[in-house]
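The values are calculated or read from the model by the stated rules, or taken from the named source; none is laboratory data. Predicted model, so just to flag it, every value in this text is computed and none were measured. Cβ coordinates were reconstructed from backbone atoms using ideal geometry, including for glycine residues, and neighbour counts include every protein chain displayed.
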Amino acid sequence: MRKSVVAIVGRPNVGKSTIFNRLVGERISIVEDIPGVTRDRIYSQAEWLNNSFNLIDTGGIEIGDEPLLVQMRQQAEVAIDEADVIIFIVNAKEGITAADEEVAKLLFKSNKPIVLAVNKVDNPEMRDEIYEYYSLGFGEPFPISGAHGLGLGDLLDEVVKHFPQVVQQEMDEETIYFSLIGRPNVGKSSLVNALLNEDRVIVSDIEGTTRDAIDTHLTRDGQEYVIIDTAGMRKRGKVYETTEKYSVLRALKAIERSDVVLVLIDAETGIREQDKKIAGYAHDAGRGIVIVVNKWDTVETDEKAMKEYEDKIRAHFQFLDYAPVVFLSAKTKKRLHTLLPMVQVASENHTKRISTNVLNDVIMDAIAMNPTPTVKGKRLKVLYATQVAVKPPSFVVFVNEPELMHFSYQRFLENKIRDAFGFVGTPIKIFARKRS
Ligand code: GDP
Ligand code: GDP
């Protein structure tokens, strides 16, 4: 099910990042008196009452050294394209400026629900001053103080009223939901188009209420797949689409609803720091992962080159040692047919269950081979293990003292589980719990 998305828009220094942090509940981005200061995170989950939604701080998308008005326009575009509800923030201490009016005009035309917040209303006496903001045309302005956490409840009450009626998406257990993520220009949209035109692929329908939420259903060899957010990968020729922060935002949005994530790498330009960052999000989210080296037509294509490239990937993406690597060209369609079968393997492993008996045979054999460590004269005792979840497969190991389970021993057990059961294409999780 897709979560509602709320975007915060407003001039520099009105308090967007302060409010983002308040609503997200941790101080994760840097707030300073310098306008346009770099923010770490611009997309995060937030909760209000029984609503869990995603929040975007559009101020964190740095679009280069454009003049203020151009930047503002682009931020408004991001919000209009990505969000279900937009919080438009103005500054009570400065009144309505020309830039505010410009943004208001754009937002007005969008037909998206807009909630107007007047920030920096730090004390009740200032509440009388908010009436001038009715003139922006968004109805009742909500006085808030991001710095002091005032008025945010009333603001959020209004925001959630505008959430779209939840269309319960049938998440069919048999269907594999996957997405493609990667830097701008790695070939995401080319690869989607290539997949949809593959001989053995039957594209059944394209659904979605807005252009933005379109998923594509397809079948190949009797297996059904849904490509998440196909529309979002298609270029609309907007300036912000080439920014790094925006590509991260899109990736996070797509990962959320996926079983398996294809992490695309551009063979022509090679591995970049940004690739690792994006792959890291998919790993942290516990999704199945397939690494796809696209544009393989642009480099040497013998077996040796492939082996060398894979070694390079293994060195750069050590945390993805479980992810298979597929080399292909979206352009020439060479080796394209190898992709969906690999997605299927990753998905099967992502949902695989191991019976407790079989699991314990493997764990006990592992312990016999490499006895549990002793710390300060106390030995770790493993009583038994059991799988507690899928997507990703998660195991609880019951032990005498969880603190005695060191990272290295946990890693050893993980490797033994992988040796025995494969789990190619999926992270697995192991937790130590106390049982005496
Ligand atoms: P952004 O550029 O819109 O993201 O604005 P910031 O969140 O970085 O805030 C800009 C400045 O306004 C910082 O110095 C904040 O401490 C200050 N600020 C944010 N919210 C409030 C508020 O409610 N009251 C007051 N007085 N200052 C605030
Ligand atoms: P996106 O931004 O990740 O969606 O990337 P696009 O699909 O728009 O591709 C970016 C550019 O790379 C376009 O010019 C494509 O024609 C080109 N491209 C995509 N796949 C391949 C490929 O397999 N080989 C080559 N040589 N070029 C490709």
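Here are the numbers for this structure:
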read-out: Tabulated pairs, the range 91-112, first surrounded by 13 or more Cβ atoms within 10 Å (Cβ to Cβ), second of a type in the set (Phe, Trp, Tyr), C-beta under 8 angstrom, 6+ apart or interchain; value: 96/133; 103/88; 104/88; 104/138; 107/88; 107/138; 108/138
read-out: Options 111, 197; residue that is at positive phi, more than 16 Å from ligand 1 (Cβ to nearest atom) and at pLDDT below 90; value: 111
read-out: Any hit, the range 242-253, residues being surrounded by 14 or more Cβ atoms within 10 Å (Cβ to Cβ), farther than 27 Å from residue 79 by Cβ, touching a residue at least 12 places away in the same chain (Cβ under 8 Å) and touching a Ser or Thr at 6+ places or on another chain (Cβ under 9 Å); value: no
read-out: Residue selected from the range 286-312 under the condition of a type in the set (A, V, I, L, M, F, W, C), closer than 14 Å to residue 270 by Cβ and surrounded by 18 or more Cβ atoms within 10 Å (Cβ to Cβ), by the criterion nearest to ligand 1 (Cβ to nearest atom); value: 291
read-out: Flag if residue 277 is outside the structural domain of residue 75 (by TED's automatic domain parsing), within 16 Å of ligand 1 (Cβ to nearest atom) and not in a loop (DSSP other than H, G, I, E, B); value: no
read-out: Any chance residue 351 is more than 26 Å from the chain's Cα centre (by Cα), of a type outside the set (Asp, Glu) and modelled with pLDDT of 95 or more; value: no
read-out: Residues of the range 309-348 that turn out to be assigned to a loop (DSSP other than H, G, I, E, B) and either under 13 Å from residue 262 (Cα atoms) or not assigned by TED's automatic domain parsing to the domain that holds residue 299 (or both), as a count; value: 3
read-out: Residue check for residue 320: within 29 Å of the chain's Cα centre (by Cα), within 16 Å of ligand 2 (Cβ to nearest atom) and in contact (Cβ under 8 Å) with a residue 24 or more places away in the chain; value: no
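One line per residue, one yes/no per condition, for (1) modelled with pLDDT of 95 or more; (2) not aromatic (Phe, Trp, Tyr):
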position	(1), (2)
372	no, yes
375	no, yes
398	yes, no
408	no, yes
428	yes, yes
